[in-house]
Amino acid sequence: MKIVLCGYMGSGKSSVGKLLASELGLEFIELDQEIEKIEKRYISEIFSEKSEIYFRKKESEVLKNVLKEEKSMVISLGGGTPCYANNLEILQQNEEVTLIYLKVSVEKLTDRLFSEKATRPLIAEISSEEKLEEFIRKHLFERQFYYMQSDLILDTTTMKLTEIVAILKEKLM
Ligand SMILES: Nc1ncnc2c1ncn2[C@@H]1O[C@H](COP(=O)(O)OP(=O)(O)OP(=O)(O)O)[C@@H](O)[C@H]1O
Ligand SMILES: O=C(O)C1=C[C@@H](O)[C@@H](O)[C@H](O)C1
Ligand SMILES: [Mg+2]
């Protein structure tokens, strides 16, 4: 079993993934961290010193390698993972994978991301909260097409972490 979490930046993939894995006694893998380990530098450095295209190629490569591992795990994808290359198809065709979309409103995402944007290269340079909200609204509109093809869609906008994990456990078991 591979429980794979997707969603926009700040949607809670890392927080939910870590807690869900620990409650299910499964290994937890963060795709972004795997890429950083292999590349020996932060994602923001990969973007600035190489390029986004280089990052997307690595992301796709690392995803395929992680999915080859013969054990059950919880995997948190990067915010853009299902939207590039043939990543979504690879996930959908893998019978072991349950893909879950953690849906969060634009307002909530803006709220969370404005204080945490420095580590996220796609939004790091956006100067005001209004501009960030406008960016997220457009970006999420484009990306939702991919996210919405998940096996399970959970609107977590008003949910606490423990509530999200409890619902996911119930749906998955
Ligand atoms: N359900 C929740 N309720 C309140 N705060 C939350 C919830 N889920 C996540 N957060 C907070 O929102 C922020 C972003 O969460 P997290 O880092 O888990 O998102 P992410 O999807 O992994 O983001 P990224 O794609 O950028 O890695 C963190 O500060 C986290 O503590
Ligand atoms: O939404 C995105 O495209 C990204 C999200 C992060 O998780 C990282 O994968 C990277 O910063 C790109
Ligand atoms: Mg994360």
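Key figures for this structure:
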read-out	value
Flag if R120 is surrounded by 14 or more Cβ atoms within 10 Å (Cβ to Cβ) and modelled with pLDDT under 95	yes
Residue match in region 130-139 (condition: within 20 Å of S60 (Cβ to Cβ) and either buried (at least 19 other Cβ atoms within 10 Å of the Cβ) or touching a residue at least 24 places away in the same chain (Cβ under 8 Å) (or both))	yes
Any hit, region 97-113, residues being over 18 Å from M159 (Cα atoms) and loosely packed, with under 13 Cβ neighbours inside 10 Å	no
Residue within region 70-88 that is touching a helix residue (DSSP H, G or I) at 6+ places or on another chain (Cβ under 6 Å), farther than 24 Å from L172 by Cβ and away from ligand 2 (no atom under 12 Å from the Cβ) present	yes
Filtered residue count, region 8-27, keeping only those that are more than 9 Å from ligand 3 (Cβ to nearest atom) and touching a Ser or Thr at 6+ places or on another chain (Cβ under 7 Å)	1
Odd one out for L31, checked against (1) within 16 Å of ligand 1 (Cβ to nearest atom); (2) touching a helix residue (DSSP H, G or I) at 6+ places or on another chain (Cβ under 8 Å); (3) farther than 27 Å from T156 by Cα	(3)
Enumeration of residues in region 100-133 that are in a helix (DSSP H, G or I) and either within 14 Å of ligand 2 (Cβ to nearest atom) or touching a helix residue (DSSP H, G or I) at 6+ places or on another chain (Cβ under 6 Å) (or both)	V106, L109, T110, R112, L113, F114, K117, A118, T119, E129, L132, E133
Only listed residue being within 15 Å of ligand 3 (Cβ to nearest atom), closer than 19 Å to S150 by Cα and without any contact (Cβ under 8 Å) to a residue 60 or more places away in the chain, chosen from L5, L63, L77	L63
In region 146-173, residue nearest to S105 (Cα to Cα) [restricted to those that are within 12 Å of ligand 1 (Cβ to nearest atom) and in a loop (DSSP other than H, G, I, E, B)]	T157
Residue tally, condition free of Cβ contacts under 8 Å to residues at least 60 places away in the same chain and among the acidic types (D, E), over region 80-121	4
Test: R137 is within 14 Å of ligand 2 (Cβ to nearest atom) and out of contact with any strand residue (DSSP E or B) (no Cβ under 8 Å at 6 or more places or on another chain)	no
Index of the failed condition, E125 passing every other in (1) loosely packed, with under 13 Cβ neighbours inside 10 Å; (2) in contact (Cβ under 8 Å) with a residue 24 or more places away in the chain; (3) under 27 Å from R41 (Cβ atoms)	(2)
Among (1) assigned to a helix (DSSP H, G or I); (2) under 15 Å from Y8 (Cα atoms); (3) away from ligand 3 (no atom under 16 Å from the Cβ); (4) within 16 Å of the chain's Cα centre (by Cα), the one test that I136 misses	(3)
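The values are calculated or read from the model by the stated rules, or taken from the named source; none is laboratory data. In this text the structure is predicted, and so the values were computed from the model without any measurement. Please note: Cβ atoms are built from the backbone with ideal geometry, for glycine as well, and neighbour counts cover all protein chains shown.
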